[in-house]
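Everything below concerns the one structure shown next.
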Amino acid sequence: MSKITAAITAVNGYVPEYVLTNQELETMVETNDEWITSRTGIKERRILKGEGLGTSDMAVPAVEGLLKKRGITAEEIDLIIFCTTTPDLPFPATANILAHKIGAKNAWGYDLQAACSGFIFGLATGAQFIESGKHTKVLVVGGDKMSSIINYEDRATCIIFGDGCGCALLEPNTEGYGIIDSVLKSDGAGSQLLFQKSGGSVSPATHETVANKEHYAYQEGQAVFKFAVTNMAEVAAEVMERNHLVADDIAWLVPHQANKRIIDATANRTGITPDRVIVNIERYGNTTNGTIPLCLWEWEDKFKKGDNLILAAFGGGFTWGSIYLKWAY
Ligand SMILES: CC(C)(COP(=O)(O)OP(=O)(O)OC[C@H]1O[C@@H](n2cnc3c(N)ncnc32)[C@H](O)[C@@H]1OP(=O)(O)O)[C@@H](O)C(=O)NCCC(=O)NCCS
């Protein structure tokens, strides 16, 4: 019997309507368009407005669109892996909430927390259930309402993050398409450099933690930058080298959209030319778990069957990783 690989058979995405521009940020904190653009490449990001809306509310239209594209019903999904750092609630899992909202009555699911590497970890994890023969339809969702944990008085973080959600369906393939290899890493030594101080079991919410603004994302930008710029590039190079791939073999590099300078460093390290590097950071900023699926969604019609894609990400934790896949349609 030929080997089963997990192939992406459909992708989709959703971004909220509200556009937060650099110009609007200039009215909120002491910053300017030139500084933000030159340091990060970001011009605008999307914000989910509206009382009572959470990350799952962006996932619903994304997933419903995916099901329509693929021509299947929600009941056919076996498993939902919801990669997010901003779940609707601390518990239950947003995967369960999403399953209920879309009518995925036969699916089980769980949330996966690996900060900005979440979608890569989710794809690699979901692929195991396909490769083992356990499931035939695994939905991997990556999305965040980062605006729910951003302090819009902190210019070090509020310029970077945005809201958005994307998703991919994994199905079995016996012709060699799909996820071929992954390199996944983490190092808890970096856990205090990009994190949310309170709201977990170590420091539950109190009046004091709220007053001290400890429920927002905190970042030591320079330390994160140094780590990311090296490791995202190295892990992409590693997955290429061990699969005997050179830059010319790669149709598309799909990097996590954290910072244009980090994306450029990854492209340089792997030798992949800018025309084959997917970049939409200028329009969405860093949507954390959303960046890679949103890139796949926006570039889907440019991909050809058999294209070699390298996905690469890094995130808080620290976490980082890269996937080599052959596009299946
Ligand atoms: C956040 C980041 C853009 C900051 O850029 P940087 O060049 O490291 O900037 P620094 O923090 O050294 O600050 C440089 C100066 O700009 C100022 N500054 C910081 N944020 C600013 C802003 N939004 N607008 C204007 N000035 C700002 C600083 O106060 C500092 O001023 P000083 O020299 O007078 O002290 C950069 O560190 C970065 O991209 N880090 C990685 C972040 C990331 O990718 N996170 C997601 C991980 S998944």
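All of 311, 253, 296 fail the test of being closer than 13 Å to residue 117 by Cβ and among the aliphatic types (A, V, I, L, M), apart from 311. Screening segment 50-138 for helices (runs of 4 or more DSSP H) wholly inside it with 2 or more residues that are open to solvent by 50 Å² or more (accessible area, probe 1.4 Å), at pLDDT below 95 and not hydroxyl-bearing (Ser, Thr, Tyr) returns no ranges.
Listed here are the residues, each with its yes/no results for (1) assigned by TED's automatic domain parsing to the domain that holds residue 39; (2) without any contact (Cβ under 8 Å) to a residue 60 or more places away in the chain; (3) farther than 25 Å from residue 155 by Cβ.
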residue: 212; (1), (2), (3): no, yes, no
residue: 219; (1), (2), (3): no, no, no
residue: 227; (1), (2), (3): no, no, no
residue: 238; (1), (2), (3): no, no, yes
residue: 242; (1), (2), (3): no, no, yes
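Among the residues of segment 141-160, just one is under 16 Å from the mean Cα position of the chain (by Cα), away from the ligand (no atom under 12 Å from the Cβ) and either of a type in the set (Val, Ile, Thr) or surrounded by fewer than 18 Cβ atoms within 10 Å (Cβ to Cβ) (or both), namely 141. When residue 136 is tested against (1) farther than 20 Å from residue 293 by Cβ; (2) polar (S, T, N, Q); (3) under 12 Å from the mean Cα position of the chain (by Cα), exactly one condition is not met: (3). Among residues of segment 40-64 that are closer than 20 Å to residue 90 by Cβ, those with a Cβ under 6 angstrom from a residue that is outside any helix (DSSP H, G or I) and among the β-branched types (Val, Ile, Thr), sequence gap 6+ or separate chain, pair up as 55/84; 55/86; 59/141. So which residues in segment 294-327 are touching a residue at least 60 places away in the same chain (Cβ under 8 Å) and basic (Lys, Arg)? Passing the criteria: 305, 326. Taken together, the residues in segment 277-326 that are among the basic types (Lys, Arg) and either buried (at least 17 other Cβ atoms within 10 Å of the Cβ) or in contact with a Lys or Arg (Cβ under 8 Å, 6 or more places away or on another chain) (or both) amount to 2. Here 162, 126, 166 are screened, and the one residue that is in contact (Cβ under 8 Å) with a residue 60 or more places away in the chain and touching a Cys at 6+ places or on another chain (Cβ under 9 Å) is 166. Would you call residue 48 in contact with an Asp or Glu (Cβ under 9 Å, 6 or more places away or on another chain), away from the ligand (no atom under 16 Å from the Cβ) and within 30 Å of residue 303 (Cβ to Cβ)? Yes; evaluated as a whole, the condition is true for this residue. Of the residues making up segment 172-199, those that are of a type outside the set (Ser, Thr, Tyr), open to solvent by 50 Å² or more (accessible area, probe 1.4 Å) and closer than 17 Å to residue 312 by Cβ are 180, 184, 185, 187.
Return a yes/no flag: does segment 22-35 have any residue that is closer than 21 Å to residue 123 by Cα, in contact (Cβ under 8 Å) with a residue 60 or more places away in the chain and buried (at least 16 other Cβ atoms within 10 Å of the Cβ).
no
The values are calculated or read from the model by the stated rules, or taken from the named source; none is laboratory data. Please read these numbers as outputs of a predicted model, since none were measured by experiment. Cβ coordinates were reconstructed from backbone atoms using ideal geometry, including for glycine residues, and neighbour counts include every protein chain displayed. The accessibility values were calculated without ligands, DNA or RNA, using every heavy atom of the protein model including side chains. Shrake-Rupley method; radii C 1.70, N 1.55, O 1.52, S 1.80 Å.
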